[in-house]
1. At q = 0.19, 0.24 Å⁻¹, what log₁₀ I(q)/I(0) does region 241-323 have when each alpha carbon counts as one equal point scatterer in the Debye sum?
2. Pop out the ³J(HN,Hα) list for region 152-169 in order, Karplus 6.51 cos²θ - 1.76 cosθ + 1.60 with θ = phi - 60°, rounded to Hz; leave Gly and Pro as x.
3. Which residue, HIS208, LEU190, PRO232, has the largest displacement toward the positive end of the dipole of region 125-240 when charges sit on each Cβ (Lys, Arg +1; Asp, Glu -1)?
4. Under 5 Å between amide hydrogens, which residues at least 5 positions from LEU30 or on another chain qualify, with H placed 1.01 Å from N in the peptide plane?
5. Using θ = phi - 60° and the Karplus relation 6.51 cos²θ - 1.76 cosθ + 1.60, list the HN-Hα couplings for region 281-290 in order, rounded to whole Hz, with x at every Gly or Pro.
6. Counting pairwise Cα distances across the chain, what percent come out greater than 32 angstrom?
7. If the only charges are +1 at each Lys and Arg Cβ and -1 at each Asp and Glu Cβ, what is the size of the charge dipole of region 168-306 around the Cα centre, to the nearest 20 debye?
8. Which whole-number value in Å² is the accessible area per residue of region 185-323, probe 1.4 Å?
Amino acid sequence: MKRLLAVAVLALVPIMGAWAQKYPTKPVLLVVPYPPGGLSDVVGRLVAEGMQGPLGQTVVIENVGGANGSIGSAKAARAAPDGHTLLLGIWNTHVAIAKLIKLDYDVVEDFAPIAFMTDAPLLFTVHQTVPVTTFKELVDWLRANPDKASSGSAGIGSPPHLLDELVRKQTKTRFETVHYKGAGPIMTDLMGGQIQIAFINPATAAPHVRSGTIKALGVTSARRMKILPDVPTMAEAGYQGGLEFSLWSGLYAPKGTPKEIINAVNRAVVASLASPKVRERLESQGMDIATREKQTPEALAAIQKAEIKKWWPIIEASGIKPQ
């Protein structure tokens, strides 16, 4: 009996190998759970472009926005686990959202990690008319002008909203958070002076920092950015205990996707991130590309687990109520 079982297993090996080698058999759909034009969309399109050669198939982007990324994520979670539907996941969709929205899927159990891809800090910016040049000066100004300043957020529970809550508590200042649909409208109102403060991604903010329309007082990374080397980290700027945050990105598949397919997609992602063209364009947007040892399913799973352990208690303590 054991011999027959062994023969049967051995007979399946070449079949499984041949099946895996056929993947993908059609264009691959990459769900980006946010509207076009945002940071997630930029990452998704650039990485997808570099994946097409290694996969031998077109990688089609589908933007499925809404509910802080949960609508697109849910669609990917329910897709067939055959590698033809993938999901661009970020900090919002795979860490924070589980504490902010009642979901009908699990951010850990219902996805198969493929590769950790990029880190992206946020810039802490102010309108040029705010009479400060440093974070410490801003804190003094906010204390002298309680409730007179407004900050832009990309929605309830978004990173800018959470970071606003942390700044208010750490500095004992009072300012309003105004919720927008994305970074574009925030930038428009910040430039126009309708709001005075914003945590915003470097891809959106950097050109206006360089032109002097807005001022960057700090960046939420452990080290300074290559594209804006004069902007201090939040720790250097005087935020006690530092304020490190990354709007990281990773690639996921629905749970149950065969390991052979996960490996095939991972190889395509690694090849894409190694492309000089892709690297240059991502880095020009203020993103750090993950080191090769982090570009693995195991590393992405470990990073997500660590981020959940770090941020879930902070989100709970922030007072932001689940919707």
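1. Summing over Cα pairs of region 241-323 leads to -1.00, -1.23.
2. x, 10, 8, x, 4, x, 6, x, x, 5, 5, 5, 4, 4, 5, 5, 4, 5
3. Of the listed residues, the answer is PRO232.
4. VAL60, ILE61, GLU62, LEU86
5. Each residue's phi maps through the Karplus curve to give 6, 5, 5, 5, 8, x, 9, 9, 7, 4 Hz.
6. Counting every Cα pair in the chain, those more than 32 Å apart make up 32 percent.
7. 140 debye
8. Accessible surface, normalised per residue, equals 46 Å².
The values are calculated or read from the model by the stated rules, or taken from the named source; none is laboratory data. Predicted, not measured: the structure shown is a model, and the values here were computed from it. Note that we place each Cβ from the backbone using ideal geometry, even for glycine, and neighbour counts take in every protein chain shown. When the accessible area is computed, the model is the full protein with side chains, heavy atoms only, and any ligands, DNA or RNA have been set aside. Shrake-Rupley method; radii C 1.70, N 1.55, O 1.52, S 1.80 Å.
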